């Protein structure tokens, strides 16, 4: 019986040339819920306004400055997290960032405040996406 062969790039190839599938990155466990922030985000969605938030990323770093975010829905994710989806309008913490769709775990939000800046989610948001299948708490 032959063992694995060494590839031209120095790694080992299994017999038959089939590589094992890449393993998915491990997800971070949910953090405790912040009900007050969930209510504020639902208030912003209902009132059609953007919010400013500072976010604590799973890698341990928190935003130094507030980012502006337009919330569209607060929902239960497939990983048992309570999240908010919407559009990041501005992020001074990352000068590369432009307007883009984003999802945040609400429990990782460090600070949150409502603005008076009007915001309406795009009409193209599909609330039947798989990420919403565990339930939407509030949406526009």
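The alpha-carbon atoms of region 52-101 define a convex hull whose volume equals 87 cubic angstrom per residue.
The stretch between residue 126 and residue 56, if pulled fully straight at 0.36 nm per residue, gains 22.5 nm over its current Cα-Cα span.
Full extension of the segment from residue 80 to residue 115, taken as 0.36 nm per residue of separation minus the current Cα-Cα distance, would add 9.7 nm.
Each residue in 77, 100, 85 was given a count of other beta-carbon atoms within 10 angstrom of its own, and listing them fewest first yields 100, 77, 85.
Per the Kirkwood definition applied to all pairs of different Cα atoms, how many angstroms is the hydrodynamic radius of region 35-139? About 13.7 Å for region 35-139.
A short reminder: the numbers here are calculations on the coordinates, not readings from a lab. Since we're looking at a predicted model, the values are computed, not measured. Heads up, the Cβs are rebuilt from the backbone with ideal geometry, glycines too, and the neighbour counts pull from every protein chain shown.
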